[in-house]
Amino acid sequence: MATTKRKDGTTRSERTNPRVWLYSVLLTLQYGAQPLISKRFTRREVIVTTSVLTCELAKVVCALILMVRDGSLKKVFSQWTLVGSLTASGLPAAIYALQNSLLQISYKNLDSLTFSILNQTKIFFTAFFTYIMLRQKQSIQQIGALLLLIMAAVLLSIGEGSSKSSSSSDPEQILFYGIIPVLVASVLSGLASALCQWASQVKKHSSYLMTVEMSIVGSLCLLASTTKSPDGEAIRQHGYFYGWTPLTMIPVVANALGGILVGLVTSYAGGVRKGFVIVSALLVTALLQFMFEGKPPSVYCLVALPLVMSSISIYQKYPYRVKKKES
């Protein structure tokens, strides 16, 4: 995609391309609603691995349909090579598969708003790994913004571990099956996002093709893990669709569409610069939680939410600027 470089180091396409706004709005809605959708339509008996595998299959189907629709399917696969696929998508796919499993666990053990705010630490880790891999530097203001984000995550961790949760009253369960999984998932998300941005910029990989490749590789990794994992034993004992209902497909499909939107937003606007999407998603989550669960945000969430919003706003407003060399 052609872009025009501005004096402040950003690109015109990131600011004015209507596709960026469309994908961002859709991703905001999906991000904000996903925790509530998963809790409402996924029974606790559902085996996590079956939910993740079905989601990956849905991503492949959706991506192929979109490639057929825009006429790129034939060209993309005529240029496809196994080595190129493994290089660009293999490692991110395995990382995302593990991340998705951790998120599924967290959904069931944290209230929706707390989950969403803790999940935002992925921005810090994305910035960190982007700097390590692509040498994209951060301004002083951006570093301060990322520190604010970490403060919010720590505040939520302390508060959530000592207060009641809508999902569980056991502090240890909240910590080990809610907070820790979502924070580890955020680290993995940052690493995978940086890898995907590298593949998009260096390898010039199509967003839809990467979705197909990563879903297939991730699914193979998960299937291999079922030979030894508790989920694999549960599948063999109870069957693949144990605990499923027709409504279970709603969060699965929503999550699959969200995965495709993440790839599009990253491709058009960059991994770190989708932060404004996440801010809006927090507001959507808080609104939906109040509307459908009748539960106002906790004090810790109310304190942490403006910290998260301020940090992402500052990060977006004060990008790193390369100093011009005097001739």
Every residue from region 292-311 that is under 25 Å from W21 (Cβ atoms) and either aliphatic (A, V, I, L, M) or open to solvent by 30 Å² or more (accessible area, probe 1.4 Å) (or both)
L305, P306, V308, M309, S310
Quick check on L247: is it under 25 Å from I37 (Cβ atoms), in contact (Cβ under 8 Å) with a residue 60 or more places away in the chain and open to solvent by 80 Å² or more (accessible area, probe 1.4 Å)?
yes
Select from region 87-99 the residues that are out of contact with any Cys (no Cβ under 9 Å at 6 or more places or on another chain), hydrophobic (A, V, I, L, M, F, W, C) and either buried (at least 20 other Cβ atoms within 10 Å of the Cβ) or without any contact (Cβ under 8 Å) to a residue 24 or more places away in the chain (or both) and list them in ascending order.
I95
Would you pick out the residues in region 34-48 that are buried (at least 20 other Cβ atoms within 10 Å of the Cβ) and touching a Leu at 6+ places or on another chain (Cβ under 6 Å)?
L36
In region 56-84, residues that are open to solvent by less than 70 Å² (accessible area, probe 1.4 Å) and within 14 Å of S207 (Cβ to Cβ) total 10
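A quick yes/no check of all residues on (1) part of a helix (DSSP H, G or I); (2) aliphatic (A, V, I, L, M):
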residue	(1), (2)
G84	yes, no
L91	yes, yes
N100	yes, no
N109	no, no
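Select from region 181-200 the residues that are crowded, with 17+ Cβ neighbours inside 10 Å and closer than 25 Å to I47 by Cβ and list them in ascending order. Write out each step before concluding.
Filtering region 181-200 down to residues crowded, with 17+ Cβ neighbours inside 10 Å leaves 181-183, 185-200.
If the condition is that a residue be crowded, with 17+ Cβ neighbours inside 10 Å and closer than 25 Å to I47 by Cβ, then P181, V182, L183, A185, S186, V187, L188, S189, A192 are the ones that fit.
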Among residues belonging to region 201-239 that are over 26 Å from V262 (Cβ atoms) and in contact (Cβ under 8 Å) with a residue 12 or more places away in the chain, point out the one that is most open to solvent (accessible area, probe 1.4 Å).
H238
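The values are calculated or read from the model by the stated rules, or taken from the named source; none is laboratory data. What you see is a predicted model, and the numbers here were worked out from it, not measured in a lab. Quick reminder, even Gly has a Cβ in these numbers, built from the backbone with ideal geometry, and neighbours come from all protein chains shown. Note: areas computed on protein heavy atoms with side chains; ligands, DNA, RNA excluded. Shrake-Rupley method; radii C 1.70, N 1.55, O 1.52, S 1.80 Å.
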